[in-house]
Structure formats: structure tokens, C-alpha cells
Amino acid sequence: MLETIKLPFYAKLTFVLLSIIALTFIFYIGQNILIPILLAFLCAIILRPIVTFLKTKLHFPHVIAAIFAVTIFVSLIIGIFTYISFQVSDIVSDFDKIEKNITIHLNNIQNFIRDTFHLSSREQKAYINEAATDSMQKGKELLGVTLSSFSDTLLNLILIPIYIFLILLYRTHFIVFLTKLFKKEDHPKLFEIVGEIKVAIKSYIVGLILEMIIVSILTSVGLMIIGVEYAILLGIITGLLNLIPYIGILFAGILTILVSLTGSADLSIIVGVIVVNVIVQLIDNNLIVPLVISSKVEINAIASIVGIIIGGAIAGISGMFLAIPIIAILKVIFDRMESLEPWGYLLGDDLPKTYQWHNIKLPLYDFENFTETSTFDNEIKIEIVKSNETENI
């Protein structure tokens, strides 16, 4: 968008690598500040249609519409976690049953090891005690890190709704700021980039929410069929944990197996839980993901996996969750800038933009026609005009 200066390849590569290192370092040292803002930014994009509806259809003032949208969002989150907390309290009351059934399975495992590998129960306990002694110190360190992380998470949960409200409130202010950074002849390309980012993020987040709902329903139904207690709760938890790439479903499976021991010590229940989780994951990975999580910005699998790993290394679970949206934003920017277009191609995917599964065809989400008639609505244009008139005065 600015004038391009031609440089030799090695100079371009040097600048790119330095930029990547600098941005990664800034994100790493400032993750406690940046992650809540980025999460709030994603939530604000999803809540924007609600604010627009309240303003245009119900004629709410802008501030009241933003407050109302954030209140709905917070109430929904609180409602979900309140339901989970009440159900978890019931599970805690059944802890004695879980402990008893776990003991039965441990004894069966010990007997199997004794008969197969000819290790007595005393020798097995000696190995377990030795391993426990070695990991005790690491456990203490992990506990300290966990408590520190919990306090940071609690602070972020308080800050995120505030950030969401402020982003919704000052949305046009931020956009006018962007227009001031570039020349007027570059504004069409700027508007195109911001509009594409908005559509890509909406498409991804809404698809993720739909995936969470479908996985929760499928898991709940499967657990009900095999007779697991708290099937609905475990289905909801599985859907929520499935938002964490790769490791989330593993934690959900372990938790489901433990809770299933409240009802029976029968090994068939555990096998049934494993089968249900495997089937749901096969359906999720081969049907739900390609049909539901479809975005106008296609990212190839290699870029997704590497991005998730890097995000996890830098900022843990939050970094893993934010990796795909950040890559999507970068790809939109790269595709619209001639000098960075090769990097956009590297992140992209050459697959068709309509996924097919046998005879099923689902188009990509198009929120431009659903929420707003153009990339920037009239209020943004008015703000830009007002800003230009102020400068002329």
C-alpha cells in the first residue's frame, strides 16, 4: 500500500526473518496483555451483528447496544459454567464410588502384570513409589505454575468483557485511525483487507461454535446409549475441550472415563466410552470440520499444525486457540500486498472453495450479505468524513 522499494532477495529475507523474530518476541513477553485483547477482538467481531441489530432495528444508543451485547455474551458464558459447576458438585459427591471402582481396575491391572510379566504386587509398588519420588519435585513446581496461571486466567476473565465493550464502542475510531495511516488512494485496498479479515474471522469462529455444539450433542447421545451417568455434562465438556486442538479431546476422554466409574466398575463401560470418543472424532475430522468450519481464507494443514505448535509454545492453550485466526488474518494481508503475496500462497490451500462429501455441498459462510450490505457501513463513512472536515478546519 506504501511505495515498494526493490531490494535483493537476501535483504528481503533478512527483513522478513527479523520481523518474525521481533513480533514473536513481543508476543511472548507481552502475552498477558495481548492475549486478552486478541480474544476480546474475536468475540467483538461475533457480537458486532447484535450491536448492529439493536441500533438499526430497536434504535438503541450505541453505548447501550454495546453494553447489552456484552451482557448477553457474559450471561451465556456464566450460565454454561454454572450448569457445569452444579453437575461437578454431584460428581464430587460420588467420589467414593469412583475411588472404589478405580481400585478394582488397578487390582485387575496388577494381577494381569503379575501373571504376564511375573512381577509381584510388592515389586510393582516399589516401581510406582520410585517413579512417584522422582516426580514429586516436578509436581510441586507444576502446582506453583498452575496456581499462578489460574490467577492470571481469573484476571483475564474479568478484563475480556471490558475489552469487548471498548472495542465495540470505539470500533469506528480504530478504523478512522487506520485510514489516517495510509493515503486516500490506498483506502479501497485497506477497506478490502479489513472486510476480508472480518468475514474470515466470523466464518471461522461461527464454524467453531457449530462444531462445538454438534460434538457435544453426538458425544452426549453416544454416552447415553452406553449408559454413562452425567452424559449431557460430559458431552458439553467434550465439546468445550474440543476447541483446544489435539490435546483437548484427550483430556475430555480421560475425564469421561473417570466419571463413568461413578456408575459401574464394568470394563465394557470404559471400552464403550473410548469407542464413542473415537467415532465422534472420526465424524468430526472427516465430516464436521470440512463441512462446517469453512472459511473464505483457506489455510493448508501444514501451516495450521505448525502455527498451533508455535502458538502453544509461546502462550500455551490460549496461543493454540488463537493460532488459526492469526494465521487467517496474516494470509488476508499477505494476499492483498504484492510484495508479500508469495507468503500468502505458502499459507494457503489450492483445494476448491466449496467442500464436498459424497452428494453434500455446503458453500462458505458469507456474512457480508447477512449482517451488512458493504464492507464498511454508513457510520464509518460518516466518521471518516467528520475526521477530514476537522482536519480542514
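The values are calculated or read from the model by the stated rules, or taken from the named source; none is laboratory data. Just so it is clear, the model here is predicted, and its values are computed rather than measured. When we count neighbours, we look across all protein chains shown, and the Cβ atoms used for this are built from the backbone with ideal geometry, even at glycine. For accessibility, only protein heavy atoms count, side chains too; no ligands or nucleic acids. Shrake-Rupley method; radii C 1.70, N 1.55, O 1.52, S 1.80 Å.
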The number of residues in segment 337-348 that are of a type outside the set (G, A, S), open to solvent by less than 60 Å² (accessible area, probe 1.4 Å) and modelled with pLDDT under 85 is 2
Go through F41, F25 for me and flag whichever is of a type in the set (F, W, Y), closer than 30 Å to S339 by Cβ and surrounded by 13 or more Cβ atoms within 10 Å (Cβ to Cβ).
F41
Does G79 satisfy the criteria of being modelled with pLDDT of 70 or more and either farther than 30 Å from L330 by Cβ or surrounded by 13 or more Cβ atoms within 10 Å (Cβ to Cβ) (or both)?
yes
Can you name the residue in segment 204-233 that is open to solvent by less than 60 Å² (accessible area, probe 1.4 Å) and part of a loop (DSSP other than H, G, I, E, B) and is also farthest from L47 (Cα to Cα) among such residues?
G227
Every pair of residues 6+ apart whose Cβ atoms lie under 7 Å, when the first sits in segment 230-252 and is under 15 Å from N285 (Cα atoms) while the second is open to solvent by 50 Å² or more (accessible area, probe 1.4 Å) and at pLDDT 85 or above
G239/I213
Only one of (1) open to solvent by 100 Å² or more (accessible area, probe 1.4 Å); (2) part of a loop (DSSP other than H, G, I, E, B); (3) of a type outside the set (G, A, S); (4) under 26 Å from K189 (Cβ atoms) does not apply to L7, and that is (1)
If a residue has to be in a helix (DSSP H, G or I) and open to solvent by 60 Å² or more (accessible area, probe 1.4 Å) to count, how many in segment 173-203 make the cut?
10
One residue is enough: does segment 311-324 have a residue meeting the conditions assigned to a helix (DSSP H, G or I), over 18 Å from F27 (Cβ atoms) and open to solvent by 50 Å² or more (accessible area, probe 1.4 Å)?
no
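Matching residues to (1) open to solvent by less than 70 Å² (accessible area, probe 1.4 Å); (2) closer than 26 Å to Y163 by Cα; (3) at pLDDT 90 or above:
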{"position": "V51", "(1), (2), (3)": "yes, yes, yes"}
{"position": "F68", "(1), (2), (3)": "no, yes, yes"}
{"position": "T71", "(1), (2), (3)": "no, yes, yes"}
{"position": "I91", "(1), (2), (3)": "yes, no, no"}
{"position": "D96", "(1), (2), (3)": "no, no, no"}
{"position": "E99", "(1), (2), (3)": "no, no, no"}
Checking L240 against (1) out of contact with any strand residue (DSSP E or B) (no Cβ under 7 Å at 6 or more places or on another chain); (2) at pLDDT below 80; (3) closer than 30 Å to K331 by Cα; (4) assigned to a helix (DSSP H, G or I), only one condition comes out false. Which one?
(2)
Give me the pairs: first residue in segment 275-302 and open to solvent by 70 Å² or more (accessible area, probe 1.4 Å), second residue modelled with pLDDT under 80, beta-carbon distance under 9 Å, and six or more apart or on different chains, which are they?
N286/W357
